[in-house]
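Visitor: Pasting a structure below so you can have a look.
The values are calculated or read from the model by the stated rules, or taken from the named source; none is laboratory data. Note that the coordinates shown come from a computational prediction; the quantities given were computed from them, not determined experimentally. Using ideal geometry, Cβ is built from the backbone for each residue, glycine included, and neighbour counts are taken over all protein chains shown. For the accessible areas, the whole protein counts, side chains as well, though only heavy atoms, and no ligand, DNA or RNA atoms are used. Shrake-Rupley method; radii C 1.70, N 1.55, O 1.52, S 1.80 Å.
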Amino acid sequence: MFIRRKKTWNIPEREAVPEEVYLGRRRFLSNTGYLSLGALMLSGAGAGIFGLFEGEKKEDIIKLARTTTSGLYPAKRNLIYSLDRPLTDELTAASYNNFYEFTTGKDVWKHVKAFKARPWTIEITGLVEKPKTYDIDELIRKVALEERLYRHRCVEAWAMAVPWTGFPMRELLKISRPLSSAKFVRMSAFMNPEWASGQSQRLWQPWPYEEGLTMEEAASELTFLATGIYGHELPAQHGAPMRLVVPWKYGFKSIKSIMRIEFTDSRPKTFWNTLNPEEYGFTSNIDPDDKRQRWPQKTEKMIGTGELRQTVLYNGYGEHVAAIYK
Ligand code: MTE
């Protein structure tokens with residue numbers, strides 16, 4: 001029988017204070033239906049802790065589109081994926097983002113007004129038995145959504161811990177059936193300069209944003225396609241309507257707002273690797289001894305609380321992924 005040993009760094013979920021608040025909200029959301037966020041306002045105390053914004057209402061920062069799959073959130077949590085730290089506050093996570101299509105600053109939420117997450121299609125193409133362009137809600141209904149608590153670590157040495165909702169990329173592999181000649185997955189984000197000023201102003205950058213994985217990485221149980229966060233759909237700044245989450249890799253690998261997934265036999269060119277191959281390798285697994293980055297990688301700072309933590313190889317997910325790199 002397969003017995004999952006409890007890791008020494010696990011803490012009981014009830015000890016994670018922000019999560020208690022979040023669990024309360026989950027119950028609230030499921031009792032009242034969707035889009036109750038407008039009723040919740042950022043408190044003065046909260047703004048003091050985050051120090052990121054003053055006076056904005058929660059519904060100004062977290063804008064959600066009502067869609068035909070809204071009723072699927074919150075999804076049941078998969079308890080295999082537990083945390084060694086409290087969850088990051090939702091507003092902190094939603095107001096400190098990287099999304100270069102919109103801005104090079106962290107206040108992405110202020111720059112996404114023109115973005116539209118519906119209608120949206122996801123093209124599955126390349127070396128695959130079942131190429132198809134899916135309407136995003138059709139794809140979401142084809143899979144079983146689940147919630148996972150994952151750590152997220154940016155190469156800039158900030159970190160967060162958030163509840164994603166989505167489905168393992170493995171499910172997409174089952175549906176699309178890549179050919180044995182497929183060695184890599186190339187993912188491309190949207191291209192629309194009318195939505196995203198970075199795509200018209202920073203023309204030297206290789207738009208659209210692209211990322212890639214080996215087939216083995218794509219098939220890892222950890223590799224997740226997120227369509228939601230904090231028990232509801234993704235707001236634009238987190239990569240609506242669907243983004244990758246690979247928590248053992250630096251955050252830039254977790255491409256947002258995906259429109260195209262191509263199975264290929266050659267290693268795809270990726271956004272940051274094209275811009276700066278010395279620093280941003282294709283693999284880019286989290287490694288405290290990584291000396292190539294301009295930010296020291298030994299420690300990471302939790303956004304919101306400022307807590308400093310030691311960075312761990314593979315972001316602590318070695319038991320799931322280390323075998324891939326042997
Ligand atoms: N995806 C796209 N399309 N564009 C981006 O600029 N930035 C990456 C990644 N995915 C980025 C992207 C980086 S550098 C990080 S750290 C994470 O998104 C941040 O995810 P978050 O804002 O949801 O925390």
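Visitor: With a 1.4 Å probe and all protein chains left in place, how much accessible area per residue does region 204-245 have, in Å²?
Guide: Values: 760 Å² over 42 residues.
With all protein chains present, region 204-245 gives 18 Å² per residue.
Visitor: Loop-only check: which GluC sites (Glu not before Pro) in region 199-289 are DSSP coil with at most 16 other Cβ within 10 angstrom?
Guide: E221, E278, E279
Visitor: Between R292 and K130, what is the label-point separation in nm under the 7 Å Cα-to-beta-carbon projection?
Guide: Label-label distance for K130 and R292, simple model: 3.6 nm.
Visitor: Rounded to the nearest 5, what is the percent of antiparallel bridges among the DSSP beta bridges in region 13-325?
Guide: On the way: 39 of 46 bridges.
Beta bridges within region 13-325, antiparallel portion: roughly 85 percent.
Visitor: Is there a pair in K63/K174; K106/K253; K57/K106; K58/K291; K76/K174; K249/K326 whose C-alpha atoms are over 28 Å apart, and which pairs would that be?
Guide: On the way: K63/K174 32 Å; K106/K253 17 Å; K57/K106 18 Å; K58/K291 39 Å; K76/K174 21 Å; K249/K326 16 Å.
In this structure, K63/K174; K58/K291 lie more than 28 Å apart at Cα.
Visitor: Could you please tell me the mean projected area of the C-alpha convex hull for region 165-315, averaged over all directions and given in square nanometres to one decimal? If you can, show how the numbers build up before the last one.
Guide: Values: hull surface 40.5 nm².
Convex hull of Cα atoms, orientation-averaged projection: 10.1 nm².
Visitor: Follow-up. Once neighbouring chains are kept in place and the probe is 1.4 Å, which whole percent of the accessible area of region 13-325 is contributed by carbon and sulfur? Could you put the intermediate results ahead of the total?
Guide: On the way: 6920 of 13080 Å².
Carbon and sulfur: 53 percent of the exposed surface of region 13-325.
Visitor: May I ask you to list the aspartates and glutamates whose Cα is less than 17 Å away from that of K183, ignoring any residue fewer than eight positions away on the same chain?
Guide: Reachable aspartates and glutamates: E129, E210, E211, E216, E217, E262, D265.
Visitor: For region 13-325, what's the relative contact order in percent, using C-alpha pairs closer than 8 Å and at least 6 residues apart? List each step's numbers first, then the result.
Guide: Values: 638 pairs, mean separation 61.0, N = 313.
In percent, rounded to a whole number, it is 19.
Visitor: As a test of understanding, state the convex hull volume per residue of region 73-178 from its alpha carbons, in Å³. Each step should come with its number before you reach the end.
Guide: On the way: hull volume 16.1 nm³, N = 106.
Convex hull of Cα atoms, per residue: 152 Å³.
Visitor: How large is ³J(HN,Hα) for each residue in region 88-103, as worked out from phi by the Karplus curve 6.51 cos²θ - 1.76 cosθ + 1.60 (θ = phi - 60°), to whole Hz, x for Gly and Pro?
Guide: Couplings: 6, 4, 4, 5, 4, 4, 7, 10, 9, 10, 10, 7, 5, 4, 9, 6 Hz.
Visitor: Loop only per DSSP, at most 11 neighbouring Cβ atoms within 10 Å: give me the chymotrypsin sites (Phe, Trp or Tyr not before Pro) in region 171-255, ordered by residue number.
Guide: Listed in order of number, the matching sites are W204.
Visitor: If Lys and Arg each add +1 and Asp and Glu each add -1, what is the summed charge of the other residues whose beta carbon sits under 12 Å from the beta carbon of I255? Mind showing how you got there, number by number?
Guide: Values: positive: R186, R243, K249, K253, K256, R260; negative: E101, E210, E211.
Combined, the nearby Lys, Arg, Asp and Glu give +3.
Visitor: Which of the trypsin sites (Lys or Arg not before Pro) found in region 59-157 are loop residues per DSSP with 13 or fewer other Cβ atoms within 10 Å of their Cβ? Kindly include the intermediate steps, with their values, before the conclusion.
Guide: Numbers: sites: K63, R66, K76, R77, K106, K110, K113, K116, K132, R141, K142, R148, R151, R153; in loops: K63, R66, K76, K106, K113, K116.
Passing sites in region 59-157 are R66, K76, K113.
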